[in-house]
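Asker: I'd like to ask you about the structure that follows.
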Amino acid sequence: MKAEKHKGNAERSWIVPFLATLFGMLTLQMSNLGFSPLLPDIQKEFSMSHTQIGLFTGMYGLLALALSVPAGLAAKHYGEKRVLVVALFLVGCGLFMLGRAPGFFSAFAARAVWIAAYRFAFVGVLTAIALTAPPSLKGSSMGLLGSTASLATVIGAPFGSKIGELFGWRTGMTGFACAAVLGSFIMWAFYRQKSGVREQVPMHNIGSSQEGGRSAFRSPVVWALTILVGLVGMASYSVTFFVPAAASAIFKMDAVGASLVISTGYVCAIFLNLLAGYLMDHYNRWIVLGSLLLVLMPASLAMTIGNELVFRIATAVVLAVGFAATNQVYGLAGSVLRGRETGNVMGVLSLGAGICGYVGPQMLGLLREWTKGFAAGWYMMAGIALLTLILLLLLKRHSEKRQVETVAAA
């Protein structure tokens, strides 16, 4: 009886650290995407051009290029808890500095501190989720993580824009800073260290049976997924930052109106992430991901239509589908290598997300400057969705080929 009770407690021991990690993600993402309705005010304050605002937002990608792999190594060597606690606190510091920035260059420096710390915190969150949740709930756990991040944006966008409307954008950034510091405290108080507890075990049929014993840096499957996660996430990430400008220029929306457009997309993403996670655990993962990408293409094209209702619906679909698909690619990758290599896997994938996180906003900004409109950027997003679908099909073919080879060898 006591043995059964002890076993039951052990099986449920992952729940508290899992919930703590979700709360950390909530406070981290509130500012990352939720501050976008404040961008027009920030742009006006510092007299930024559209290209400069593309660099300001695309700095996310530049710093991800430099810091994603070091973040994974830090999670491996120092543990995901320490990385998360320190990084979330530094995110709060960067946000507070941006809210007090006196000029253009100090604003960029504060953004750099914020996003550099965000990169370490994000990799720490992915590592913690991959290590904490049971393998049988891999898709669902990533779906919950995606839903939490979506909820953070739903809360963060109106939270920041409303404070900005009442007290100015600087006070809005300070509010985001307080949330990040609270997340750091919760992680310190309730999360238990998980890295190094589990052995490296292959948990998914995406690669060969030897994938589990291979370093993340030497796994072709991990690098292929790195490209995939970057391309999948480019649409939702880039569109989030340019929707306020497009909504203002084309439909004369204010910051609150733009935040409602973004919030609608991420409200849909809450439920779509949960649904996608369930489907990934119970049905063919490749078909689920491919279906999401098939929806993303026409939705991106529909954003070019000059009707406000169509624009709102199309934007919501792009944000929800792109965000849900990105989280499920992370779920696939978390199954390739576990244990002490999990941090490196997530670091490498974060590198891909960072590259596209820089290229996407930069290209949208440049296309806006060249064409004096936003339609070319939305066409580009549709093309990227098609390219991503082709890559997914190639990776699916590789996976099935390796499965056949493994069965034949056995």
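The values are calculated or read from the model by the stated rules, or taken from the named source; none is laboratory data. No experiment lies behind these values; they were computed from the predicted model shown. With ideal geometry, Cβ positions are generated from the backbone for all residues, glycine too; neighbour counts draw on all protein chains shown. The protein model used for the area step is the full one, side chains on, heavy atoms only, and it has no ligands, DNA or RNA in it. Shrake-Rupley method; radii C 1.70, N 1.55, O 1.52, S 1.80 Å.
Asker: Return the total of residues in the range 228-264 being under 26 Å from residue 167 (Cα atoms) and in a helix (DSSP H, G or I).
Answerer: Count: 21.
Asker: Can you tell me how many residues within the range 83-110 are crowded, with 19+ Cβ neighbours inside 10 Å and modelled with pLDDT under 90?
Answerer: 4
Asker: Hey, another quick one. Within the range 22-58, count every residue that is open to solvent by less than 10 Å² (accessible area, probe 1.4 Å), under 26 Å from residue 143 (Cβ atoms), part of a helix (DSSP H, G or I) and hydrophobic (A, V, I, L, M, F, W, C).
Answerer: 2
Asker: Residues of the range 355-383 being over 14 Å from residue 303 (Cβ atoms) and either touching a His at 6+ places or on another chain (Cβ under 8 Å) or charged (D, E, K, R) (or both), which ones?
Answerer: Residues satisfying the conditions are 365, 369, 372.
Asker: Quick one: is residue 292 open to solvent by less than 10 Å² (accessible area, probe 1.4 Å), assigned to a helix (DSSP H, G or I), closer than 15 Å to residue 146 by Cβ and at pLDDT 85 or above?
Answerer: So residue 292 fails the test.
Asker: Search the range 371-395 for residues being free of Cβ contacts under 8 Å to residues at least 12 places away in the same chain and closer than 21 Å to residue 244 by Cβ, and hand back the single one that is surrounded by the most Cβ atoms within 10 Å (Cβ to Cβ).
Answerer: Filtering first and then ranking leaves 376.
Asker: Consider residue 159 carefully, then state whether it is open to solvent by 30 Å² or more (accessible area, probe 1.4 Å), under 21 Å from residue 125 (Cβ atoms) and within 20 Å of the chain's Cα centre (by Cα).
Answerer: Values: open to solvent by 30 Å² or more (accessible area, probe 1.4 Å): yes; under 21 Å from residue 125 (Cβ atoms): yes; within 20 Å of the chain's Cα centre (by Cα): yes.
For residue 159, the condition - open to solvent by 30 Å² or more (accessible area, probe 1.4 Å), under 21 Å from residue 125 (Cβ atoms) and within 20 Å of the chain's Cα centre (by Cα) - is met.
Asker: Is there a residue in the range 177-198 that is in contact with a Leu (Cβ under 6 Å, 6 or more places away or on another chain), buried (at least 22 other Cβ atoms within 10 Å of the Cβ), modelled with pLDDT under 80 and closer than 23 Å to residue 95 by Cα?
Answerer: Checking the range 177-198: not a single residue is in contact with a Leu (Cβ under 6 Å, 6 or more places away or on another chain), buried (at least 22 other Cβ atoms within 10 Å of the Cβ), modelled with pLDDT under 80 and closer than 23 Å to residue 95 by Cα.
For (1) of a type outside the set (Val, Ile, Thr); (2) touching a strand residue (DSSP E or B) at 6+ places or on another chain (Cβ under 9 Å); (3) open to solvent by 70 Å² or more (accessible area, probe 1.4 Å), each residue gets a yes or a no:
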{"site": "268", "(1), (2), (3)": "yes, no, no"}
{"site": "274", "(1), (2), (3)": "yes, no, yes"}
{"site": "283", "(1), (2), (3)": "yes, no, yes"}
{"site": "297", "(1), (2), (3)": "yes, no, no"}
{"site": "304", "(1), (2), (3)": "no, no, no"}
{"site": "310", "(1), (2), (3)": "no, no, no"}
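Asker: Further question on the same structure: Quick test of your reading of the structure: residue 70 fulfils all but one of (1) over 19 Å from the mean Cα position of the chain (by Cα); (2) surrounded by fewer than 17 Cβ atoms within 10 Å (Cβ to Cβ); (3) of a type outside the set (Ser, Thr, Tyr). Name the failing condition by number.
Answerer: With (1) over 19 Å from the mean Cα position of the chain (by Cα); (2) surrounded by fewer than 17 Cβ atoms within 10 Å (Cβ to Cβ); (3) of a type outside the set (Ser, Thr, Tyr) applied to residue 70, the lone miss is (1).
Asker: Could you please give the count of residues in the range 242-252 that are in contact (Cβ under 8 Å) with a residue 12 or more places away in the chain and open to solvent by 10 Å² or more (accessible area, probe 1.4 Å)?
Answerer: Qualifying residue count, the range 242-252: 5.
Asker: Quick test for you: out of 124, 146, pick the one residue that is modelled with pLDDT of 80 or more, buried (at least 24 other Cβ atoms within 10 Å of the Cβ) and under 17 Å from residue 30 (Cβ atoms).
Answerer: It is 124.
Asker: A further question follows. Looking at the range 253-276, I want the residues that are closer than 18 Å to residue 300 by Cα and have a partner that is open to solvent by 60 Å² or more (accessible area, probe 1.4 Å) with Cβ atoms under 7 Å, at least 6 apart or on another chain. Which pairs are those?
Answerer: The qualifying pairs are 261/312; 264/312.
Asker: Something else: Within the range 312-321, is there a residue that is at pLDDT 85 or above and open to solvent by 60 Å² or more (accessible area, probe 1.4 Å)?
Answerer: Scanning the range 312-321 turns up at least one residue that is at pLDDT 85 or above and open to solvent by 60 Å² or more (accessible area, probe 1.4 Å).
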